[in-house]
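Notes follow once the structure below has been shown.
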Amino acid sequence: MARRRERRGEPSQDRRKDRVGPATREEKLNDSDASERKLIGIFILFFIIIPAVSVLVYVYKYGSGTKRLEPVITERGPIKTDINFQEILTNTNVAGNESQRNYDYPVLAYITPWNSKGYEMAKRFNSKFTHLSPVWYDLKSHGNSLILEGRHNADKGWISELRMRGNALILPRIVLEAFPTELLKKKKQMDKAIDLMVTECKEMEYDGIVLESWSRWAAYGVLHNPDLRNMALKFIKQLGHALHSVASTRNPKQQLQLVYVVGPPHSDALQQHDFGPADLQSLSGSVDGFSLMTYDFSGPNNPGPNAPLNWIRFTLRLLLGSTGNNAQRLAPKIFLGINFYGNDFILSED
């Protein structure tokens, strides 16, 4: 009996094994299908659903804002004709976007020592500008020679930060304070002045300079003398050609640039010392841009607006003419001055 039980038990055990075998394979197949479904689910989650949600979130958060960049300032309300100073001050610290430019034309910003926040603002809004001009240098007479003062003001670390953040050109401003008659009449002095400025650009790896001299020459009476006036124009042309003959260190395909500061005429009856349309035409081939100082229209003796719009329009029409190819060719070279300050005049009771 015991043997029979063993014999009966063996087939029974085999049958159980036979039954267990197929069940295990089915479970393995089910496990394999579950794993595949899990992998597919993970793939869909990470490569389809999450990117899709991210795009929707980005469009919702930033896409609509990008479309609104242009009208934001108009919606805030300061763009109107009957604005008061308090409304302007209220909107001074508002920036719709720190990196995106809304315009294609060049924009130059001066960084002055009397604005302590200028250096930080230049870094913050670097992408908004094409040209940055720190007010650093003066070219002065020193006995019978010339010296260029201001390198101690230059901040190479700041320049490096600017260039890491954007592509704005660095053109420090140089004020020409040397005695003009000596400078313009003597070729040796003229060549020395040009060499000093070009050499400084090379050694400090600037992209060019902004030169201010016209107002100084007018104050010295140089521009009232036709011969000296022609020499002054010749000096600017030679400086421009000298800068254009040097490639930029940062971009060898680009030459050094010259931006020239000019004051606006206050009347259509041009005076001898005024910078007029003939001067603009004469220098246009040698100068890359003209920084037009359309501000300080009023003063203590004649209080009023700092930069009235009609006067700005008049100045541009006077320099460029109202129509023609000449105006279209020269207009892109003018950096129209916009003042970010105002004057509070106290009127006497007399």
> Taking region 174-197 on its own, how many of its residues are under 34 Å from the mean Cα position of the chain (by Cα) and farther than 19 Å from Leu243 by Cβ?
Replying inline: 3
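Determine whether region 271-292 contains at least one residue that is among the aliphatic types (A, V, I, L, M), in contact with a Pro (Cβ under 7 Å, 6 or more places away or on another chain) and buried (at least 18 other Cβ atoms within 10 Å of the Cβ).
Yes, region 271-292 contains a residue that is among the aliphatic types (A, V, I, L, M), in contact with a Pro (Cβ under 7 Å, 6 or more places away or on another chain) and buried (at least 18 other Cβ atoms within 10 Å of the Cβ).
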>> Would you confirm, using the coordinates I've provided, whether Arg313 is surrounded by fewer than 17 Cβ atoms within 10 Å (Cβ to Cβ), over 20 Å from Glu212 (Cα atoms) and modelled with pLDDT of 90 or more?
In response: yes
>> Being surrounded by 13 or more Cβ atoms within 10 Å (Cβ to Cβ) and modelled with pLDDT under 90 narrows it down to one residue among Asn251, Asn306; which is it?
In response: Asn306
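Can you confirm whether Val246 is more than 17 Å from Val175 (Cα to Cα) and of a type in the set (Val, Ile, Thr)? Walk me through it before giving the result.
Numbers: more than 17 Å from Val175 (Cα to Cα): yes; of a type in the set (Val, Ile, Thr): yes.
Judged against the criteria, Val246 is a match.
Considering Leu132, Leu89, which residue is among the aliphatic types (A, V, I, L, M), outside any strand (DSSP E or B) and without any contact (Cβ under 8 Å) to a residue 60 or more places away in the chain?
Sole residue among the options that is among the aliphatic types (A, V, I, L, M), outside any strand (DSSP E or B) and without any contact (Cβ under 8 Å) to a residue 60 or more places away in the chain: Leu89.
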>> Among the numbered criteria (1) out of contact with any Lys or Arg (no Cβ under 8 Å at 6 or more places or on another chain); (2) over 23 Å from Lys202 (Cβ atoms), which one does Lys128 miss?
In response: (1)
> So which residues in region 192-217 are among the acidic types (Asp, Glu) and under 17 Å from Leu146 (Cα atoms)?
Replying inline: Asp195, Glu200, Glu212
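So which of Lys128, Lys202, Lys192, Lys188 ends up being farther than 18 Å from Val261 by Cβ and crowded, with 20+ Cβ neighbours inside 10 Å?
None of the other options fit; the residue is Lys128.
The values are calculated or read from the model by the stated rules, or taken from the named source; none is laboratory data. Because the structure is predicted, anything quoted here is derived from the model rather than measured. Glycine gets a Cβ as well: all are built from the backbone with ideal geometry, and neighbour counts include every protein chain shown.
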